[in-house]
């Protein structure tokens with residue numbers, strides 16, 4: 001079932017697949033992609049669970065405002081709540097990759113009655129505060145003229161003005177890593193090119209700092225699994241391991257990069273399914 005809910009004038013497109021008694025919500029990541037990144041997980045999980053996916057504002061079939069304030073994490077969490085309400089989902093297991101991991105943590109801390117458990121895949125959640133990651137450094141320098149378009153210097157407003165397609169190709173290749181097939185890369189690049197640098201620039205707003213996210217993580221009480229790729233170049237494994245320690249969560253490291261749900265879909269679906277069975281035992 002496909003549907004659309006509207007919150008404060010912003011349309012959010014969602015999809016419900018399967019009719020199991022328990023619901024898994026596969027959260028949106030950064031807006032360079034859309035809900036279709038979860039296609040393999042939906043196919044694998046919907047035979048046993050009811051699955052919900054949705055396009056974050058700024059991506060896919062949802063509206064794409066250009067005001068940076070529209071992309072504050074609190075706004076995106078409210079969108080999640082609106083989707084839960086629109087789909088009749090009272091309580092769910094949340095699965096989030098990358099920025100979706102941050103959304104999952106905020107929802108679990110703020111609305112514990114709606115969150116049965118968390119699966120966080122390469123979550124960009126900083127509980128350390130020291131030695132910023134390459135992504136964090138790039139976000140700090142996002143508006144600066146860096147004078148080149150190589151590596152993380154591509155994650156930059158001025159670089160996007162010069163060569164947005166080059167950034168998309170670089171980011172997708174960096175996120176998917178060496179496991180990605182040509183087909184996976186082509187699909188990811190097509191999703192990125194479906195967006196615009198103006199929309200993505202609006203999403204690079206102030207993210208929650210390490211001190212705040214540590215407090216958020218310490219407030220989470222639901223069972224959690226943190227899953228990371230050993231070669232993750234977006235969220236280095238030691239950061240995911242630190243988050244797992246604060247959460248008191250199970251930590252699993254698998255081969256590959258930032259998006260094992262895309263590059264190793266069968267194995268990732270098995271891990272999600274097994275954890276969901278434990279949560280709802």
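The values are calculated or read from the model by the stated rules, or taken from the named source; none is laboratory data. Quantities reported herein were computed from a predicted structural model and do not represent experimental measurements. Glycine gets a Cβ as well: all are built from the backbone with ideal geometry, and neighbour counts include every protein chain shown.
Taken over the stretch 31-59, the criterion of being in a loop (DSSP other than H, G, I, E, B) and surrounded by fewer than 23 Cβ atoms within 10 Å (Cβ to Cβ) is satisfied by 46, 47, 48.
When 16, 52, 42, 77 are checked against the criterion of being closer than 19 Å to residue 111 by Cβ and touching a strand residue (DSSP E or B) at 6+ places or on another chain (Cβ under 7 Å), 52 stands alone in meeting it. If you go through the stretch 153-177 and pick out every residue that is more than 19 Å from the chain's Cα centre (by Cα) and surrounded by fewer than 21 Cβ atoms within 10 Å (Cβ to Cβ), you end up with 9. The number of residues in the stretch 74-92 that are outside any loop (DSSP other than H, G, I, E, B) and farther than 17 Å from residue 29 by Cβ comes to 8. Of the residues making up the stretch 214-223, those that are touching a residue at least 12 places away in the same chain (Cβ under 8 Å), closer than 13 Å to residue 102 by Cα and not in a loop (DSSP other than H, G, I, E, B) are 214, 216, 217. Checked against the criterion of being more than 22 Å from residue 259 (Cβ to Cβ) and surrounded by fewer than 22 Cβ atoms within 10 Å (Cβ to Cβ), the candidates 180, 138, 190, 130 yield just one match: 130. Restricting attention to the stretch 122-176, the residues that are at pLDDT 95 or above and on the phi > 0 side of the Ramachandran plot add up to 2. Considering the conditions (1) farther than 18 Å from residue 121 by Cβ; (2) out of contact with any helix residue (DSSP H, G or I) (no Cβ under 8 Å at 6 or more places or on another chain); (3) modelled with pLDDT of 95 or more; (4) not in a loop (DSSP other than H, G, I, E, B), residue 195 is excluded by exactly one of them, (4). Report yes if residue 172 is outside any loop (DSSP other than H, G, I, E, B), more than 30 Å from residue 218 (Cα to Cα) and touching a helix residue (DSSP H, G or I) at 6+ places or on another chain (Cβ under 8 Å), otherwise no. So residue 172 fits the description; yes.
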